[in-house]
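The values are calculated or read from the model by the stated rules, or taken from the named source; none is laboratory data. The structure displayed is predicted, hence computed values, not measured ones. As a convention, Cβ positions derive from the backbone with ideal geometry for all residues, glycine included, and neighbour counts pool all protein chains shown. The accessibility values were calculated without ligands, DNA or RNA, using every heavy atom of the protein model including side chains. Shrake-Rupley method; radii C 1.70, N 1.55, O 1.52, S 1.80 Å.
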Amino acid sequence: MDWIFQLELILRILLAGACGLLIGLERKNRGKEAGVRTHLIVALSSALMMVISKYAFFDVIAIGQQMGADMRLDGSRVAAGIVQGVGFLGAGMIFIHKKTVTGLTTAAGIWATCGVGMAIGAGLYFIGISSAVLIYIIQIILHKKFHVLQSPTIEALTIVIENDPDLLERVLAHLDNDHILIEDIKIQRQANNCIQMELSALLPTGYCRSALASYAVSEEGIHSIDL
C-alpha cells in the first residue's frame, strides 16, 4: 500500500472526526451527556475501523494466494461489529428520570455519527459529509418550539397544604382545570396539621410551570409546591 494512498486514508479519518465534531457541538451547546469529544471519537474511530475493514487484509489474502490457498475474507463483518458496538455505547446515554425517558436523541446521534464515520472511512465522502450536515441541521430545527413536535411530560409533583378537605378539593379541581392529568397520588398526614401530596402528573404540552407558583401564592393554605 503506497504512502499517498495511506495519506488519503488518514485524511478520511480526520475528515470523519471533523464531522463528528460538528454534530457534537450541537449536543454540547444543549448540555447533553455526549458532547464534542464523544462524537468526535465515535466518528473518527468508526472511520478507522471501516478503513481496517476494507484494506487491512489485502496482505493476508496476497500471502494466501502465493501459497496456493483459496482465502476469502468478509470485511463487512467488521463494519457490522462497529454498528453493534456503538449501539451499546448509545444505550448508556439513555436514562429514566421521574418516569421520563431522556437521552434517546443523544443515543440516536451517536449511532448516526458512527454511520458518518463509516461512510467517510469507506471513501463515500459526499454521503458522509452531507449526512453530517443534515444531522446537524435536523438537530437544530427539531429543537425549536414547534407545538406539533412537543409532547406531554410526566413530572413528580409534591404539594404541602393544610389538612382541609375543601382546600384539597380546590387544589385537585385547579389541576384538573389546567388539564394536568394525575396518574398516581400518595397522601401523607404531617404532624403540623398539614398533608403532603406526592403526585405523578402528566403536564399538557407547553404548560407554563410558573402558573403553579402563582396559584400557590394566591390560594391560602398551600404551604409549598415542588415541581
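Among 166-174, 126-134, sorting by the average number of other beta carbon atoms lying within 10 angstrom of each residue, highest first, gives 126-134, 166-174. Judged by the mean number of other Cβ atoms found within 10 Å, the most tightly packed of the peptides 46-52, 176-182 leads the ranking 46-52, 176-182. Among Met197, Met118, the order of accessible area from largest down is Met118, Met197, computed with a 1.4 Å probe on protein heavy atoms. Per-residue accessible area (protein heavy atoms, 1.4 Å probe) orders Ile159, Ile225, Ile185 as Ile185, Ile225, Ile159, starting from the largest.
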